[in-house]
1. What do you get for the angle between helix 151-163 and the principal long axis of the chain? Use alpha-carbon atoms, 0 to 90 degrees, nearest ten.
2. Could you tell me the calculated FRET efficiency between Ile147 and Gln255, based on Cβ-Cβ distance and R0 = 41 angstrom, to the nearest 0.05?
3. Can you pull the three principal axis extents for the Cα set of the chain, in Å, largest first?
4. Could you run the Karplus curve 6.51 cos²θ - 1.76 cosθ + 1.60 with θ = phi - 60° over the range 48-64 and give me ³J(HN,Hα) per residue in whole Hz, x for Gly and Pro?
5. Report the semi-axes of the equivalent ellipsoid for the range 6-134 in whole Å, largest first, where each axis is √(5λ) for an eigenvalue λ of the Cα gyration tensor.
6. Just subtract the alpha-carbon distance of Lys426 and Asp77 from 0.36 nm times their residue separation and send over the number in nm, one decimal.
7. Once you keep just the Cα pairs under 8 angstrom separated by 6 or more residues, what percentage relative contact order results for the chain?
8. Output ³J(HN,Hα) for the range 302-317: one whole-Hz value per residue in order, computed from phi by the Karplus curve 6.51 cos²θ - 1.76 cosθ + 1.60 with θ = phi - 60°, and x for Gly and Pro.
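Since every read-out is calculated from the coordinates, none of them should be taken as a lab result. The structure displayed is predicted, hence computed values, not measured ones. Cβ coordinates were reconstructed from backbone atoms using ideal geometry, including for glycine residues, and neighbour counts include every protein chain displayed.
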Amino acid sequence: MKPQWQILVVDDEEIMCESLAAWLREDGYLVDTASSGREAVELAKKTDYAIYFIDLKMPGGMDGIDTLMEIRRLHPDASIIIITAYATVDTAITAIKEGAQEYIVKPCNPEEISLLVSRIIKVKRLQRENLILRKKLQRRYQFHDIICKSPRMLEVLELAREVSSLRSTVLIRGESGTGKELVARAIHFSGSRAQKPFIAVSCAALAETLLESELFGYEKGAFTGAAERKKGKFELADGGTIFLDEIGDIGPKLQADLLRVLQERSFYRIGGTGEIQVDVRVIAATHKDLRALADEGRFREDLFYRLNVIEIFIPPLRERREDIPLLAEHFVERISHELGKPVEDIAQDAMRLLMDHSWPGNVRELENAIERAIVSCRGRTLTADDFSFLRNNGAAKIQIPDNLTLAEMEKLMIEATLRRTGGNVKEAAASLGIDRSTLYEKLKRYGIER
């Protein structure tokens, strides 16, 4: 989605003001106008515009330089362009000295204005992307940036902080979308291995043969298509941490291979004869009950005990509802910046709807819901109407005929969820509480077309 950049044009000459605003609107910008410096300052108090066009000479006791200074006080990083019909060297120097980015002379050339604005927006876009990236890095890598206040989550983070500098294997359990990888990254980047690699592998996303070569690498000629030697994820993570997501999905052979790595801290590449020693901390995650799988013979018991040295359980969002307002406000701030939409708040009726929803897809579903609401929002505040799809989800009833097998019931549930999300696999997966790769596999298995 193309970001909607906001611009304020300030000029006491109505024709000039509206003409400049019209040119900018034709280029796709959201433009407000003000006929005086005082009106401009009041608008700037409510909105942080990307660019301000300010006329130098204006009546009412507040000229362009005064307006510029007041706006700079409100928004130090504002991009301000002074426009005037009375160009002198002194006024140009004064304007630039007080923080104007450009100084242009009337009559304004529309093409020059378009090029100037385009250049400024390009810089602002890069600055915004860098800011978002820095926030993402902080949010993913530090404990204090994990958004929560519920006692249960604070206990989780305290335990994770205590084990961050240990070498011990960690098993993180929790439903899909609860933030298992986020906690794993925080453990790594808060510990003694922070300067070493953090390698994440989704065990559910690849077939077993592909996953084996991905984890352990292979030698040239090991199989058809192996044109050169390739290092595996364990080798690449040497000295750091490997995160094995959805560890409960791996097959018997890989379970045996992984057990050897945990016991011996060594392995062989596929087709290789040389043993490779590694110093890697393993953090595994699953939404399954590995102890129950071990009791059923579907997961090696010895591997389970090797993985379950330190267990961290992340509670589902429905069991820590006090975190919902914090998370929702955080997502609004971040996603509105990413999409370039001026959404700033969540109305009380919308927040009640969020608090009442069951969130089967947990934090991931909440994030997706906030993004969907921001995309459709036409104001600055998200209302209950923007989350009407959640209300529909809660009210939806699935008619289940008698004598259905579990697989047939699962197929019905998937089909109903896809209809509700308009065929959006990402939203459907979040609502169902499973990964997209798992949903795609089920779509193929049941022959469901989107």
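1. The answer is roughly 70 degrees.
2. Details: r = 35 Å, r/R0 = 0.85.
According to the calculation, E is roughly 0.75.
3. Cα extents, longest axis first: 84, 58, 47 Å.
4. Couplings: 8, 5, 5, 9, 10, 9, 10, 6, 6, 9, 9, x, x, x, 9, 7, x Hz.
5. On the way: eigenvalues 91, 57, 45 Å².
Ellipsoid half-lengths, sorted descending, are 21, 17, 15 Å.
6. Working: separation 349, 0.36 × 349 = 125.64 nm, distance 3.64 nm.
Separation in residues times 0.36 nm, less the Cα-Cα distance, equals 122.0 nm.
7. Values: 719 pairs, mean separation 57.7, N = 450.
Worked out over the chain, it gives 13 percent.
8. 5, 5, 4, 5, 5, 7, 8, 5, 10, 9, 10, 10, 9, x, x, 4
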